[in-house]
Each structure stands twice: as C-alpha cells, then as structure tokens.
Amino acid sequence: MGGEALPPGLSPRVPLAGYTVFLDRDGTLNPDSGYIRSPDQFELFPGVAQALAKLVRAGARLIVVTNQSGVARGLFSIGELEAVHAKLTRLLGEAGAPLDALYVCPHHPDDSCNCRKPNTGLIDQAVRERAVDLTRSYLIGDHVRDMELAKRVGSRSILVTTGSVLPQQIEGLKASGSAPDRVASSFDEAAEWLLWDARNRSGIPGGHQ
C-alpha cells in the first residue's frame, strides 16, 4: 500500500495510542459550583463521560490535574476530597473512561508551591510517575491558567467555555502567546477536535472536523 508509515504506536484504529490527555476538573468535567465538599455535590456535565470513553477507545490515557485550595482554606479535608474523587473515578470507570491518574494541588494560592496551576508541578509528577510523552499530550481546561500550563509544558491545548472564562480573557491569552489550539463550546466538541487533530498530525486518513 502507498503512503508513509505511521509513527510507532499509531494506527487508524487507535490514533491516540501513546497520547495522554490532561484534564482540569471544575468547570471542565463538572459544573463549578464553588467548593465541592461531598460526593453528593458532585456531578459530571452531561456527555463528558461518553466523550472521554471515545478518547480511551482511541488509545488515550486520561490524567486529571486539579487545584483544590479548599483543603488549605479549611473548607474540606483531604478525606472528603478523596471521597469526591472516588465518585469521579467511579462515574468515569462505569462509562468506560478509567483514569490513569489524578493529581491534586491542595495548597493556598499564597503558598508559592510548584504544583498549583499554572505551575508545572502536577504535570512534572505525571511525567516522572507515568512516563508521559509531552510531545503526545493534550490539556483540556476551562481557565486561563490551564492554557498557560499547557504552553509551559508543550501540550496541545483546548479551552472549553463551559466554565467561567470570559471573551476578553481569551483575547488576553492570544496577546500573551498562550492562545489555546482550540476553543470549544462543549466537552464533546473538544474531544472530537482532539481526535481530528491527532489524526491530522499523524497523517492518519479519515480525520474529520
């Protein structure tokens, strides 16, 4: 057959083999209703689990990276946060979208830690512990700091407007050189574009937008 060989680990059947998708939590996977203190307050946006399952079937690994300063503020404990994340993990697993890892920054914004996004500590940890290839990575988030983090680590970025991002903030990202590779109005749109982009970058036929 004609055409160039695909990069190692890639095929038309699994276009995201070897790829990692980093995911913000609040405003991206679930409505950002403030500080979520218990599993009863946590629900995914409609369609998120199904869209993530589509990425998993295409070969992607999923890693959540989330700032949770409510711990440092005394609004909820690590144990309560872990209970919320147990529900998140269960909901995604039941939908066929198991998480490969979940990394949390529990610190206050004034703590000057290296792990609070847009600092790179959480992704640095993922690279060490999960052998992530950042040249084959995407980050999906709803906040300016997510796009800034993606720029710092070299991930492709998708900004979903399901959170609180404002149009002028998007313009500010463009001016600062941290513009997202895609702005999506829903998580499903983000996942569809990600699949298209990975196929297009790898020369896999059948990509569509």
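Considering only alpha-carbon pairs that sit under 8 angstrom and 6 or more positions apart, the relative contact order computed for the stretch 57-184 is 19 percent.
Only the Cβ atoms of Lys and Arg (+1) and of Asp and Glu (-1) were treated as charged; on that basis the dipole of the chain about its Cα centre amounts to roughly 480 debye. When a/c is below 1.5 the answer is rounded, else prolate if a/b is larger than b/c, else oblate, so apply that to the stretch 30-184 with a ≥ b ≥ c taken from the square roots of the Cα gyration tensor eigenvalues. Note, shape of the stretch 30-184 comes out rounded. Extension gain, Tyr35 to Asp133, is 32.1 nm, computed as 0.36 nm per intervening residue step minus the present C-alpha separation.
Before rounding to the nearest 500, sum -39500 (n - 2.57) across all DSSP H runs of length at least 4 in the chain and divide by the residue total; then give [θ] at 222 nm in deg cm²/dmol.
-11000 deg cm²/dmol
Towards the positive end of the charge dipole of the chain, with charges on Cβ (+1 Lys, Arg; -1 Asp, Glu), say which of Leu134, Cys113, Val183 has the farthest Cα. It is Leu134.
What does the net charge come to around Ser33 if you take all other residues with beta carbon closer than 13 Å to its beta carbon, with K and R at +1 and D and E at -1?
-2
Centroid-to-centroid, using Cα positions, the stretch 119-154 and the stretch 40-114 are 15 Å apart.
Unpaired cysteine residues in the chain (no second Cys Cβ under 4.7 Å): Cys113.
For Val132, enumerate residues with amide H under 5 Å from its amide H, sequence gap 5+ or separate chain, H modeled in the peptide plane. Hits under the 5 Å cutoff: Val127. Computed from phi, the 3J(HN,Hα) profile of the stretch 82-94 under the Karplus parametrisation 6.51, -1.76, 1.60 (θ = phi - 60°) reads 5, 5, 4, 6, 5, 5, 4, 4, 5, 4, 6, x, 5 Hz, with x in place of Gly and Pro.
Accessible surface of Leu102, taken over heavy atoms with a 1.4 Å probe and every protein chain present, rounds to 50 Å². Rounded to the nearest 10 degrees, the angle from helix 167-176 to the longest Cα principal axis of the chain is 70 degrees. With respect to the chain, whose longest principal axis is taken over its alpha-carbon atoms, helix 48-57 is tilted by about 40°.
For the chain, the longest principal axis of the alpha carbon atoms and the long axis of helix 144-153 meet at an angle near 50°. The mean accessible area for residues of the chain, using a 1.4 Å probe and ignoring ligands and nucleic acids, is 46 Å² per residue.
Could you tell me which residue out of His143, Ile204, Ala97 lies farthest along the dipole of the chain toward its positive end? Charges go on the beta carbon: Lys and Arg +1, Asp and Glu -1, centred on the Cα centre. Toward the positive end, the furthest listed residue is Ile204. Heavy-atom surface analysis with a 1.4 Å probe gives the stretch 1-145 a carbon and sulfur content of 51 percent of its accessible area.
Of all lysines in the structure, those lying under 18 Å Cα to Cα from Lys117, and not within fewer than 8 positions of it along the same chain, are Lys151. Multiplying the residue separation of Ala72 and Gln168 by 0.36 nm and removing their Cα-Cα distance gives an extension gain of 31.6 nm.
Relative to the compact globular guide of 2.2 N^0.38 Å, what is the alpha carbon radius of gyration of the stretch 127-209, as a ratio? Walk me through the numbers on the way to the answer.
Values: Rg = 13.2 Å, N = 83, 2.2 N^0.38 = 11.8 Å.
Ratio of Cα Rg to 2.2 N^0.38 Å: 1.12.
Rank Val127, Val48, Val104 by mean-square fluctuation in a GNM of the chain with C-alpha springs under 10 angstrom and give only the top-ranked residue. Largest GNM mean-square fluctuation: Val127. The solvent-accessible area of Val14, taken with every protein chain present and a 1.4 Å probe, is close to 50 Å².
The values are calculated or read from the model by the stated rules, or taken from the named source; none is laboratory data. These numbers were taken from a predicted model, which means no experiment stands behind them. All Cβ positions, even for glycine, are placed from backbone atoms using ideal geometry, and neighbour counts span all protein chains on display. With ligands, DNA and RNA removed, areas are computed over all heavy atoms of the protein, side chains included. Shrake-Rupley method; radii C 1.70, N 1.55, O 1.52, S 1.80 Å.
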